[in-house]
1. Looking at (1) surrounded by fewer than 20 Cβ atoms within 10 Å (Cβ to Cβ); (2) at pLDDT 95 or above; (3) hydrophobic (A, V, I, L, M, F, W, C), can you tell me which one A:Ala159 breaks?
2. Just to check your reading of the model, which residue among A:Glu24, A:Glu14 is within 14 Å of chain B (Cβ to nearest Cβ), modelled with pLDDT of 95 or more and within 18 Å of the chain's Cα centre (by Cα)?
3. Criterion first (touching a strand residue (DSSP E or B) at 6+ places or on another chain (Cβ under 6 Å) and farther than 22 Å from B:Phe43 by Cα) does A:Ser102 satisfy it?
4. State whether one or more residues within the stretch A:91-99 are surrounded by 18 or more Cβ atoms within 10 Å (Cβ to Cβ), more than 23 Å from A:Lys30 (Cβ to Cβ) and touching a residue at least 60 places away in the same chain (Cβ under 8 Å).
5. Of all residues in the stretch B:27-49 being buried (at least 24 other Cβ atoms within 10 Å of the Cβ) and facing chain A (nearest Cβ under 8 Å), which is nearest to B:Ser119 (Cα to Cα)?
6. Could you check A:Ile35 against (1) within 17 Å of B:Met64 (Cβ to Cβ); (2) outside any helix (DSSP H, G or I) and say which number it fails?
7. Just the residues that are hydroxyl-bearing (Ser, Thr, Tyr) and either farther than 26 Å from A:Phe28 by Cα or over 17 Å from the mean Cα position of the chain (by Cα) (or both), please, taken from the stretch A:164-205.
8. So which residues in the stretch A:56-85 are aliphatic (A, V, I, L, M), without any contact (Cβ under 8 Å) to a residue 60 or more places away in the chain, more than 9 Å from chain B (Cβ to nearest Cβ) and within 20 Å of A:His20 (Cα to Cα)?
2 protein chains.
Amino acid sequence: MVTVIKIGGSLAEERKSLVHLCKELIIFSKNYEIIIVPGGGKFADTVRYLYDKFKLSDEIAHRMAILAMDQYGLLLKDIMKEAILTYSLKDALKASKRRILSIILPSKIMFSLDPLEHSWRVTSDSISAFIASSLKAENLILAKDVDGIFTADPKRNDAKMFKRISASKLLKERFGCIDEFLPRILIEKQLVCYVVNGKHPNRLKSILEDKRDIYTKINPY
Amino acid sequence: MVTVIKIGGSLAEERKSLVHLCKELIIFSKNYEIIIVPGGGKFADTVRYLYDKFKLSDEIAHRMAILAMDQYGLLLKDIMKEAILTYSLKDALKASKRRILSIILPSKIMFSLDPLEHSWRVTSDSISAFIASSLKAENLILAKDVDGIFTADPKRNDAKMFKRISASKLLKERFGCIDEFLPRILIEKQLVCYVVNGKHPNRLKSILEDKRDIYTKINPY
């Protein structure tokens, strides 16, 4: 029962909380089969900036953004010295069976298979879903800097967090915080997905233990 | 007679001048065997920022910075549609013989051979010198956003530009604008190198034509 955890790039905004999350993930990986997929973060922001400035093609920006995920994966490896870094799904699965955390650098997989459309509707959310499905993972956890998916901007008083939501509802209405393409891939691959705040690693643990806590579960229908 | 031209990342600061340079390079490549190596630019700045913030290891930062060169290479390809993008020295040489401009993405070469030290003393200057030497190139041209190597900050009235300078002098004294490791690799590989302002493509042409103009020539002794 493999769980893929995508560590959102926005979590690198606060050094302390990312380092804390990484330490906890190493501990969780002793008891659960966990494979990490990196987000894009500041590296992807730079791609977006130059995409706008130079009016780059979507195809080229897509490749640049995947390299941004590799870069963030390298950063995560530097924090989690015990983890292994790999381009290979097979090696990641082998490591997870031995309860060793692995970080997948997605460039080789994505450049060779090129399974997703080239646009900003596809970000590391969809890419991690594709990788999770290729790994036949049980769950995908998107660790972000928000508590879950909300009905409106979480800063608004009347915003409510979804405990559960269906991917098809997300297809119809946009609630922010996840990329536009993700619901489609969750339905197609029949993958359960959680959106959780990575600043509270105990909430990730609750998901691994199948316990209630503060997060949004996206059901693949 | 292959010439390797490194397009400095700082040239992406002004969209217009980078696009102009790229157009001229396509024209030059009809008459000269030219191979492009990308700099790092804004992508490498992001690496530096996160290197400082997370106190990353030099080894990891080196790998991240090489991926930044790949990203900038992709950007250059998007501007120069006629150019080919390659990871292979052999393919780049083949293209240059047919007077087709190629852009080398250095990641595969650098990750497999790993020939240079992992520190910020090595930047895309040294990496392009290593690649130029591997290609047995005649010359290396570093296209930057400065006219050449100066005795002091070019903004100062008393700063003078070197028309020629020896790599061994650069080893003893630092004059800025090129990385610290470059002179050593120029001597070791016996490679002639030019520093020229990429905002004036005609100056690059002068180097290709072996004519005098505004640039600094670094002799490899």
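The values are calculated or read from the model by the stated rules, or taken from the named source; none is laboratory data. Small disclaimer: the values here were computed from a predicted structure and weren't measured. Cβ: placed from backbone, ideal geometry, glycine included. Neighbour counts: every protein chain shown.
1. Among (1) surrounded by fewer than 20 Cβ atoms within 10 Å (Cβ to Cβ); (2) at pLDDT 95 or above; (3) hydrophobic (A, V, I, L, M, F, W, C), A:Ala159 violates only (2).
2. Values: A:Glu24 fails: within 14 Å of chain B (Cβ to nearest Cβ).
Residue meeting the stated conditions: A:Glu14.
3. Numbers: touching a strand residue (DSSP E or B) at 6+ places or on another chain (Cβ under 6 Å): yes; farther than 22 Å from B:Phe43 by Cα: yes.
Considered against the rule, which asks whether it is touching a strand residue (DSSP E or B) at 6+ places or on another chain (Cβ under 6 Å) and farther than 22 Å from B:Phe43 by Cα, A:Ser102 comes out as yes.
4. no
5. Ranking the candidates gives B:Val47 first.
6. (1)
7. Matches in the stretch A:164-205: A:Ser166, A:Ser168.
8. The answer is A:Met80, A:Ala83, A:Ile84, A:Leu85.
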